[in-house]
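Below is one structure, written out as C-alpha coordinates; comments come after it.
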Amino acid sequence: MKLFKFVPILILAALAVACAPAIPQAAVDAANAAFADAKTAQADVFAPDAFKAASDANDALSANLAAKDYSKTKDLAQALTDASAKAKDAAAAGIETAKADVAKLVTDVPASAAKVKAELDKAAKAKKKAKIDVKKAQADFAAATKDLTDGQAAATANNLADAKAKLTNAQAEFAAIQATLEAAGFKA
(Lines give C-alpha, C1' and ligand atoms only; values in the text may rest on other atoms or scores of the structure.)
Protein backbone atom coordinates (compact mmCIF):
# COMPACT_ATOMS: atom_id res chain seq x y z
CA MET A 1 0.00 0.00 0.00
CA LYS A 2 2.81 2.37 0.77
CA LEU A 3 4.05 1.98 -2.77
CA PHE A 4 0.77 3.28 -4.18
CA LYS A 5 1.28 6.63 -2.42
CA PHE A 6 4.22 7.42 -4.75
CA VAL A 7 2.48 6.44 -8.00
CA PRO A 8 0.70 9.81 -8.46
CA ILE A 9 3.97 11.64 -7.88
CA LEU A 10 5.75 9.48 -10.45
CA ILE A 11 2.95 10.04 -12.94
CA LEU A 12 3.12 13.82 -12.46
CA ALA A 13 6.91 13.78 -12.89
CA ALA A 14 6.61 11.73 -16.08
CA LEU A 15 3.98 14.13 -17.45
CA ALA A 16 6.15 17.16 -16.68
CA VAL A 17 9.08 15.66 -18.57
CA ALA A 18 6.90 14.53 -21.46
CA CYS A 19 5.20 17.93 -21.82
CA ALA A 20 8.42 19.97 -21.78
CA PRO A 21 8.90 21.79 -25.06
CA ALA A 22 11.25 20.04 -27.46
CA ILE A 23 14.03 21.83 -29.28
CA PRO A 24 12.92 22.96 -32.77
CA GLN A 25 16.03 21.54 -34.43
CA ALA A 26 15.05 22.40 -38.00
CA ALA A 27 14.57 26.07 -37.12
CA VAL A 28 17.87 26.17 -35.21
CA ASP A 29 19.73 24.53 -38.09
CA ALA A 30 18.22 26.97 -40.60
CA ALA A 31 19.15 29.91 -38.39
CA ASN A 32 22.72 28.68 -38.00
CA ALA A 33 23.02 28.18 -41.76
CA ALA A 34 21.71 31.71 -42.41
CA PHE A 35 24.23 33.16 -39.95
CA ALA A 36 27.05 31.21 -41.62
CA ASP A 37 25.91 32.61 -45.00
CA ALA A 38 26.08 36.16 -43.60
CA LYS A 39 29.63 35.50 -42.41
CA THR A 40 30.60 34.06 -45.80
CA ALA A 41 29.14 37.15 -47.50
CA GLN A 42 31.55 39.23 -45.37
CA ALA A 43 28.73 41.07 -43.64
CA ASP A 44 31.06 41.77 -40.74
CA VAL A 45 33.24 43.85 -43.09
CA PHE A 46 30.77 45.39 -45.54
CA ALA A 47 27.66 45.68 -43.32
CA PRO A 48 28.93 45.86 -39.73
CA ASP A 49 25.72 47.26 -38.22
CA ALA A 50 23.52 44.62 -39.82
CA PHE A 51 26.02 41.92 -38.89
CA LYS A 52 26.03 43.14 -35.27
CA ALA A 53 22.25 42.69 -35.17
CA ALA A 54 22.65 39.15 -36.53
CA SER A 55 25.45 38.43 -34.10
CA ASP A 56 23.32 39.66 -31.19
CA ALA A 57 20.47 37.42 -32.37
CA ASN A 58 22.92 34.51 -32.57
CA ASP A 59 24.07 35.20 -29.01
CA ALA A 60 20.46 35.29 -27.80
CA LEU A 61 19.71 31.95 -29.46
CA SER A 62 22.88 30.40 -28.06
CA ALA A 63 22.02 31.60 -24.56
CA ASN A 64 18.52 30.21 -24.93
CA LEU A 65 19.82 26.83 -26.03
CA ALA A 66 22.33 26.77 -23.20
CA ALA A 67 19.54 27.52 -20.72
CA LYS A 68 17.45 24.72 -22.27
CA ASP A 69 14.40 27.00 -22.28
CA TYR A 70 13.01 25.86 -25.60
CA SER A 71 9.72 27.77 -25.35
CA LYS A 72 11.29 30.81 -27.10
CA THR A 73 13.77 28.95 -29.28
CA LYS A 74 11.68 28.96 -32.45
CA ASP A 75 11.11 32.73 -32.25
CA LEU A 76 14.79 33.37 -31.52
CA ALA A 77 15.83 31.12 -34.42
CA GLN A 78 13.49 33.03 -36.73
CA ALA A 79 14.92 36.34 -35.50
CA LEU A 80 18.43 35.07 -36.25
CA THR A 81 17.38 33.89 -39.70
CA ASP A 82 15.82 37.27 -40.50
CA ALA A 83 18.73 39.30 -39.14
CA SER A 84 21.23 37.13 -41.01
CA ALA A 85 19.34 37.55 -44.28
CA LYS A 86 19.32 41.33 -43.80
CA ALA A 87 23.05 41.27 -43.04
CA LYS A 88 23.76 39.21 -46.14
CA ASP A 89 21.74 41.61 -48.32
CA ALA A 90 23.40 44.63 -46.73
CA ALA A 91 26.81 43.03 -47.35
CA ALA A 92 26.00 42.64 -51.04
CA ALA A 93 25.08 46.32 -51.22
CA GLY A 94 28.20 47.22 -49.23
CA ILE A 95 30.38 45.28 -51.64
CA GLU A 96 28.93 47.18 -54.60
CA THR A 97 29.59 50.48 -52.82
CA ALA A 98 33.12 49.39 -51.98
CA LYS A 99 33.75 48.43 -55.62
CA ALA A 100 32.69 51.90 -56.74
CA ASP A 101 34.77 53.56 -54.01
CA VAL A 102 37.86 51.51 -54.88
CA ALA A 103 37.45 52.19 -58.61
CA LYS A 104 37.35 55.93 -57.89
CA LEU A 105 40.32 55.75 -55.53
CA VAL A 106 42.35 53.73 -58.06
CA THR A 107 42.12 56.67 -60.47
CA ASP A 108 42.12 59.61 -58.03
CA VAL A 109 45.03 58.66 -55.76
CA PRO A 110 47.67 58.23 -58.52
CA ALA A 111 46.64 61.62 -59.93
CA SER A 112 47.08 63.14 -56.48
CA ALA A 113 50.45 61.41 -56.13
CA ALA A 114 51.65 62.88 -59.42
CA LYS A 115 50.66 66.39 -58.33
CA VAL A 116 52.39 65.97 -54.97
CA LYS A 117 55.48 64.57 -56.70
CA ALA A 118 55.71 67.67 -58.91
CA GLU A 119 55.39 69.95 -55.87
CA LEU A 120 57.94 67.89 -53.94
CA ASP A 121 60.40 68.10 -56.84
CA LYS A 122 60.08 71.92 -56.79
CA ALA A 123 60.75 71.92 -53.04
CA ALA A 124 63.78 69.66 -53.48
CA LYS A 125 65.22 72.02 -56.12
CA ALA A 126 64.76 74.96 -53.78
CA LYS A 127 66.93 73.18 -51.20
CA LYS A 128 67.37 75.34 -48.09
CA LYS A 129 65.01 78.03 -49.40
CA ALA A 130 62.15 75.50 -49.24
CA LYS A 131 61.15 76.43 -45.65
CA ILE A 132 60.14 72.82 -45.05
CA ASP A 133 61.90 69.60 -44.16
CA VAL A 134 62.23 68.17 -47.66
CA LYS A 135 63.74 64.89 -46.45
CA LYS A 136 60.77 64.27 -44.16
CA ALA A 137 58.36 65.14 -46.98
CA GLN A 138 60.20 62.72 -49.27
CA ALA A 139 60.03 59.97 -46.62
CA ASP A 140 56.32 60.66 -46.14
CA PHE A 141 55.87 60.54 -49.91
CA ALA A 142 57.63 57.17 -50.06
CA ALA A 143 55.35 55.77 -47.33
CA ALA A 144 52.26 57.09 -49.12
CA THR A 145 53.51 55.60 -52.39
CA LYS A 146 53.91 52.21 -50.70
CA ASP A 147 50.31 52.41 -49.44
CA LEU A 148 49.22 53.34 -52.97
CA THR A 149 51.08 50.38 -54.47
CA ASP A 150 49.72 47.99 -51.83
CA GLY A 151 46.21 49.35 -52.36
CA GLN A 152 46.45 48.89 -56.11
CA ALA A 153 47.66 45.32 -55.61
CA ALA A 154 44.77 44.62 -53.24
CA ALA A 155 42.34 46.07 -55.77
CA THR A 156 43.79 43.86 -58.49
CA ALA A 157 43.36 40.85 -56.17
CA ASN A 158 39.75 41.96 -55.55
CA ASN A 159 40.41 42.37 -51.82
CA LEU A 160 38.08 45.34 -51.59
CA ALA A 161 38.27 46.04 -47.87
CA ASP A 162 42.06 46.08 -47.83
CA ALA A 163 42.25 48.05 -51.07
CA LYS A 164 39.85 50.69 -49.81
CA ALA A 165 41.69 51.04 -46.50
CA LYS A 166 45.14 51.36 -48.08
CA LEU A 167 44.04 53.67 -50.89
CA THR A 168 42.12 55.90 -48.49
CA ASN A 169 45.17 56.06 -46.24
CA ALA A 170 47.42 56.89 -49.19
CA GLN A 171 44.99 59.59 -50.27
CA ALA A 172 45.09 61.17 -46.81
CA GLU A 173 48.90 60.95 -46.69
CA PHE A 174 49.27 62.64 -50.09
CA ALA A 175 46.80 65.34 -49.04
CA ALA A 176 48.79 66.04 -45.87
CA ILE A 177 52.07 66.29 -47.82
CA GLN A 178 50.41 68.50 -50.40
CA ALA A 179 49.03 70.82 -47.70
CA THR A 180 52.51 71.16 -46.20
CA LEU A 181 54.09 71.87 -49.58
CA GLU A 182 51.43 74.37 -50.64
CA ALA A 183 51.68 76.15 -47.27
CA ALA A 184 55.38 76.61 -48.04
CA GLY A 185 54.54 78.04 -51.47
CA PHE A 186 55.06 75.02 -53.71
CA LYS A 187 52.11 74.48 -56.02
CA ALA A 188 52.07 72.30 -59.09
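The values are calculated or read from the model by the stated rules, or taken from the named source; none is laboratory data. Predicted model only: the values in this text are computed from it and were never measured. As a convention, Cβ positions derive from the backbone with ideal geometry for all residues, glycine included, and neighbour counts pool all protein chains shown.
Report yes if Lys88 is outside the structural domain of Ala137 (by TED's automatic domain parsing), of a type in the set (Lys, Arg), surrounded by 22 or more Cβ atoms within 10 Å (Cβ to Cβ) and at pLDDT 95 or above, otherwise no.
Working: outside the structural domain of Ala137 (by TED's automatic domain parsing): yes; of a type in the set (Lys, Arg): yes; surrounded by 22 or more Cβ atoms within 10 Å (Cβ to Cβ): yes; at pLDDT 95 or above: yes.
When the stated conditions are applied, Lys88 passes them.
Would you point out which residue out of Lys104, Lys135 is charged (D, E, K, R), under 30 Å from Phe186 (Cα atoms), at pLDDT 95 or above and out of contact with any Lys or Arg (no Cβ under 9 Å at 6 or more places or on another chain)?
On the way: Lys135 fails: at pLDDT 95 or above.
Answer to the selection: Lys104.
Taking the criterion of being part of a loop (DSSP other than H, G, I, E, B) and on the phi < 0 side of the Ramachandran plot, the residues of the stretch 21-75 that qualify are Pro21, Ala22, Ile23, Pro24, Ala41, Ala47, Asp69, Tyr70, Ser71, Lys72.
To keep it simple, each residue is scored yes or no on (1) within 30 Å of Ala153 (Cα to Cα); (2) outside the structural domain of Leu167 (by TED's automatic domain parsing); (3) buried (at least 20 other Cβ atoms within 10 Å of the Cβ); (4) of a type in the set (A, V, I, L, M, F, W, C).
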position: Asp49; (1), (2), (3), (4): yes, yes, no, no
position: Asn58; (1), (2), (3), (4): no, yes, yes, no
position: Ala67; (1), (2), (3), (4): no, yes, no, yes
position: Ser71; (1), (2), (3), (4): no, yes, no, no
position: Asp75; (1), (2), (3), (4): no, yes, no, no
position: Gln78; (1), (2), (3), (4): no, yes, no, no
position: Ala83; (1), (2), (3), (4): no, yes, yes, yes
position: Asp101; (1), (2), (3), (4): yes, no, no, no
position: Ala124; (1), (2), (3), (4): yes, no, no, yes
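In the stretch 119-170, the qualifying residues are those that are touching a residue at least 12 places away in the same chain (Cβ under 8 Å) and β-branched (Val, Ile, Thr), and the one that is nearest to Lys99 (Cα to Cα) is Thr168.
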